[in-house]
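Here's the structure we're looking at; comments come further down.
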Amino acid sequence: MKVVKTIEEVREAVRGWRAEGLSVGLVPTMGFLHEGHKSLIVRAAADNDRVVVSDFVNPTQFGPTEDLESYPRDLNRDAALCEEAGAALIFNPEVDEMYADDATTFVNMTGPSEDLCGMSRPIHFRGVCTVVSKLFNIVKPDRAYFGQKDAQQLAVIRRMVRDLNFDIEIVGCPIVREADGLAKSSRNTYLSAEERQAALVLSQAVKLGQKMAEDGEKSADKIVDAMKKHIEAEPLAKIDYVKAVDAVSVSPVTEMKPPVLVAMAVYIGKTRLIDNFIYEG
Ligand code: AMP
């Protein structure tokens with residue numbers, strides 16, 4: 001496995017593989033990899049002859065008051081995890097390799113990017129769509145892998161690929177959780193011991209909502225209200241949003257008519273965590 005820093009090195013490796021008739025999978029990440037990322041790489045390695053993992057903390061998807069500077073980074077540890085999971089190449093560019101100083105072209109989306117995280121992070125999905133489009137153009141993979149952990153991101157990418165005719169199959173992968181239920185996240189490292197315990201309200205609320213839906217509750221509002229009540233009982237938790245939306249269009253729903261995405265963002269202290277479930281009926 002190789003770690004490369006330039007777009008040209010990625011293109012050269014992919015050209016070599018293509019000359020041999022090999023298929024290529026891409027796993028876009030911001031690094032500080034954990035078992036959630038690993039599950040995407042393992043799946044990509046099972047589906048494709050070669051896997052490229054991008055490891056890049058993308059500045060254009062962070063707002064001015066967000067954690068761009070403090071976002072955790074550890075390339076050596078990431079490389080070991082990628083190798084073990086079966087990746088062939090890590091692309092770890094510096095910011096100036098990805099963005100010219102005078103770059104002025106961005107991928108803007110309306111619709112699926114506007115509600116949920118799009119409300120509290122207004123430029124986030126513009127940054128995500130732009131960097132993912134660039135990675136698609138650099139790697140030109142057959143397939144790209146995204147986690148259901150970021151369910152809105154997955155819906156946004158699917159819409160972008162359809163609307164812009166990228167010839168790439170998008171594969172969604174299930175949420176990987178800690179033994180006690182907390183969804184794995186690079187940001188969990190920000191949590192103190194007390195906050196780590198308090199953070200369990202997210203996955204507990206997911207379980208509660210999921211059970212209500214499976215038991216036949218048809219009112220999305222009742223499910224969301226019960227989940228909110230559970231979270232609000234934890235003093236360290238502050239809700240950004242808990243909402244039920246259509247899982248494809250990401251527009252609000254009042255009825256649990258599948259597929260419904262029930263998603264949340266909750267601050268535990270200063271750390272903003274997300275979790276969700278999809279009700280498929
Ligand atoms: P990130 O590095 O946080 O931008 O995540 C890179 C990719 O890994 C995204 O597609 C995420 O949805 C996915 N991912 C992150 N955490 C998890 C998790 N706990 N389970 C499954 N996929 C995840």
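Please treat every number below as a calculation from the coordinates, not as lab data. Every value quoted in this text rests on a predicted model; they were computed, and no experiment measured them. All Cβ positions, even for glycine, are placed from backbone atoms using ideal geometry, and neighbour counts span all protein chains on display.
So the values come out like this:
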{"item": "Contour minus Cα-Cα distance for LYS229 and TYR241 (0.36 nm per residue)", "result": "3.1 nm"}
{"item": "Estimated 222 nm signal from helices in the chain, with DSSP H stretches of n ≥ 4 weighted -39500 (n - 2.57), rounded to 500", "result": "-11500 deg cm²/dmol"}
{"item": "Separation of the SER219 and ASN108 label points, Cα + 7 Å toward Cβ, nm", "result": "4.0"}
{"item": "Degrees between helix 220-232 axis and first principal axis of the chain (Cα, 0 to 90, nearest 10)", "result": "90"}
{"item": "Kirkwood Rh and Cα Rg combined as Rg over Rh, evaluated for region 1-104", "result": "0.99"}
{"item": "0 to 90° range, to nearest 10: angle between helix 75-85 axis and the chain longest Cα axis", "result": "90"}
{"item": "Net lengthening on full extension, ASN76/GLU8 (0.36 nm per residue, minus Cα-Cα)", "result": "22.3 nm"}
{"item": "Rg/Rg_ref, region 2-173, where Rg_ref = 2.2 N^0.38 Å and atoms are Cα", "result": "0.98"}
{"item": "GluC sites (Glu not before Pro) within region 93-135, DSSP loop, no more than 12 other Cβ atoms inside 10 Å", "result": "GLU94"}
{"item": "Angle between the chain longest axis and helix 151-163 axis [Cα atoms, degrees, rounded to 10]", "result": "50"}
{"item": "Spin-label model distance (nm) - ALA193 vs ARG15, 7 Å beyond Cα toward Cβ", "result": "5.6"}
